Amino acid sequence: MTTTSLNRSRLEQLSARFAPLFADIAAGASERDRTQSLPREQVAALAAAGFGAVRVPESHGGAGATLPELFELLTELAAADPNITQALRAHFAFVEDRLVAAPGAGRDAWLARFAAGELVGNSWTEIGTVTVGEVNTKVSPDGNGGFVVNGTKYYSTGSTFADWIDTYAQRTDTGTRVIAAVNAHQPGVQLEDDWDGFGQRTTGTGTSTFTDAVVTAENLIEFDTRFKYQTAFYQEVLLAVLAGTARAVEREFAAELAARKRTFSHAAANVAGEDPQLLQIVGEVSAAAFVAAGAVERVATSLERAYETAVALHAGDVSEQEDEAANDAAELASAQAQVALTPLVLNAVTHAFDALAASATSTTKNLDRHWRNARTAGNHNPWVYKARLVGDHAVNGAALPRVWAIGASKKA
């Protein structure tokens, strides 16, 4: 099986199609961060333009993009505003899950929703002191053939902008862990934008509360049937956030240096934009952005291989062992890239300030948002654990976990 990578012609067409929207998004990103104003209009415009359906096959109304093409677009979007890429993380993961689901009417219904511009948000993380592995959010039969969801979640990134919410829960009748795809437009769903992080301020992250929220039987998906490369996929979105941030830092700091009128008596040139020491700094930032983009593409290629084996497994064209191997490879690639890119991008953003002077710290310029966003993205799924797991794989051949959870520590 040959893994499909970038179709340069299609990617160029898609980049050109969304470029005006990305430019508009970039123009307002700093002010939205400063005022903590959610990008509702910008996300709605992307959805209306079909951005949420770029992975959907052309036969179902989408653009048919491969995963390397999707993640290049997400990196471009992150260079405009990494918060919006992060806000769409759950949507594209849910799209991916439906793409590898068994063919049928249920799958087709979701593909049609995506093609119509509907978006999906996230609601997985339990709030409070729930022990690792436990699920307090419950799905119960309503007595009329349907179900209701009750519970509270945090880190509900992107749900504020969504039509549906991908909710991790447990059925009370069977004990099965499920994804409940809950329609967000109903009285039983309450969303709060109460994320208080110093970065990623406009991702629409916060608390989601479900009070007898209605969900239909066909929108209950057994968690164990989820696409196997989901954790690597979620991590890859964060890698695109980091790569896009590095690209934005290169662009904005280069422009600041080119426009700088002041210099120092002991500088290496009379004009800041010609100072070899300062040019070196921007060059190093540019190199970090280049490496980050390459890592994102490399991981996306591994994910594409896992996608292809998932589809081939449905058709009986590959073995379970081949499918498992492809998923293990994708998980390893995403972990290796995370361990490398997190410090690389953070150091590059920090070092970029050395190309300017005290004025770079002006709150009016708001350049610090790049560091805050990168630092916050880097704090997701702590890379130190991934580094240990990658080392265990290298030394002992241990497989990386593909599904894991967060919660209160278990008492001995």
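The values are calculated or read from the model by the stated rules, or taken from the named source; none is laboratory data. All of these numbers come straight from a predicted model, not from anything done at the bench. Quick reminder, even Gly has a Cβ in these numbers, built from the backbone with ideal geometry, and neighbours come from all protein chains shown. SASA here: full protein model, heavy atoms, side chains in, ligands and nucleic acids out. Shrake-Rupley method; radii C 1.70, N 1.55, O 1.52, S 1.80 Å.
Here are the numbers for this structure:
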{"read-out": "Surface/4 of the Cα convex hull for the range 211-309, nm²", "value": "11.3 nm²"}
{"read-out": "Local electrostatic count, Val135, Cβ distance below 11 Å [Lys/Arg +1, Asp/Glu -1]", "value": "+2"}
{"read-out": "The range 25-74: relative contact order as a whole-number percent, Cα under 8 Å and 6+ apart", "value": "18 percent"}
{"read-out": "Gaussian network model of the chain, Cα within-10 Å springs - most flexible of Leu242, Leu73, Leu21", "value": "Leu21"}
{"read-out": "Distance cut-off 30 Å, percentage of C-alpha pairs in the chain lying past it", "value": "43 percent"}
{"read-out": "The chain: relative contact order as a whole-number percent, Cα under 8 Å and 6+ apart", "value": "18 percent"}
{"read-out": "The range 78-168: relative contact order in percent, alpha carbon pairs under 8 Å with at least 6 residues between", "value": "36 percent"}
{"read-out": "Helix 368-378 axis, angle to the chain major axis (alpha carbon atoms, nearest 10°)", "value": "40 degrees"}
{"read-out": "For Glu252, solvent-accessible area (1.4 Å; no DNA, RNA or ligand), Å²", "value": "40 Å²"}
{"read-out": "Portion, in percent, of the accessible area of the chain that falls on carbon or sulfur, probe 1.4 Å", "value": "53 percent"}
{"read-out": "√(5λ) per eigenvalue of the Cα gyration tensor, the range 1-145, largest first, Å", "value": "28, 23, 15"}
{"read-out": "Gyration tensor (alpha-carbon) shape descriptor, the range 272-360, a/c threshold 1.5", "value": "prolate"}
{"read-out": "Separation of alpha-carbon centers, the range 278-329 and the range 27-64, rounded to whole Å", "value": "23 Å"}
{"read-out": "The range 206-215 - phi-based ³J(HN,Hα) in whole Hz, Karplus 6.51/-1.76/1.60, Gly and Pro as x", "value": "x, 9, 10, 10, 10, 10, 6, 6, 7, 9"}
{"read-out": "Net charge over other residues, Cβ less than 14 angstrom from the Cβ of Leu14 (K, R count +1; D, E count -1)", "value": "-1"}
{"read-out": "Count of Lys pairs (Cα-Cα under 26 Å; at least 8 positions apart or interchain) in the chain", "value": "12"}
{"read-out": "Principal-axis tilt of helix 383-396 within the chain, Cα atoms, nearest 10 degrees", "value": "70 degrees"}
{"read-out": "Choice from Val384, Val282, Val299 with maximal GNM fluctuation in the chain (Cα, 10 Å cutoff)", "value": "Val384"}
{"read-out": "Heavy-atom surface of the chain, accessible at 1.4 Å and reported per residue (Å²)", "value": "43 Å²"}
{"read-out": "Environment charge at Tyr154 (Cβ cut-off 14 Å; Lys +1, Arg +1, Asp -1, Glu -1)", "value": "-4"}
{"read-out": "Candidates Asp212, Asp24, Asp193: whichever shows maximal mean-square fluctuation once the chain is modelled as a Gaussian network with Cα springs under 10 Å", "value": "Asp24"}
{"read-out": "Cα centre as origin, Lys/Arg/Asp/Glu Cβ charges: the range 318-387 dipole, Debye", "value": "800 debye"}
{"read-out": "Gap separating the Cα centres of the range 178-195 and the range 108-126, nearest whole Å", "value": "12 Å"}
{"read-out": "Hydrodynamic radius by Kirkwood, which averages 1/r over all alpha carbon pairs of the range 130-259, in angstrom", "value": "16.8 Å"}
{"read-out": "The range 180-252 shape via C-alpha gyration tensor axes, a/c threshold 1.5", "value": "oblate"}
{"read-out": "Tensor-based shape of the range 316-412 (alpha-carbon gyration tensor, a/c under 1.5 rounded, otherwise prolate or oblate)", "value": "prolate"}
{"read-out": "Sum of -39500 (n - 2.57) over DSSP H runs of 4+, divided by residues of the chain (222 nm, nearest 500)", "value": "-17000 deg cm²/dmol"}
{"read-out": "Length gained when the stretch Asp194-Ala44 is fully extended (0.36 nm per residue, less Cα-Cα span)", "value": "51.9 nm"}
{"read-out": "Label point distance in nm, Glu58-Thr174, each placed 7 Å from Cα along Cα→Cβ", "value": "3.8 nm"}
{"read-out": "Exposure rank, largest accessible area first [Trp371, Trp124, Trp110; 1.4 Å]", "value": "Trp371, Trp124, Trp110"}
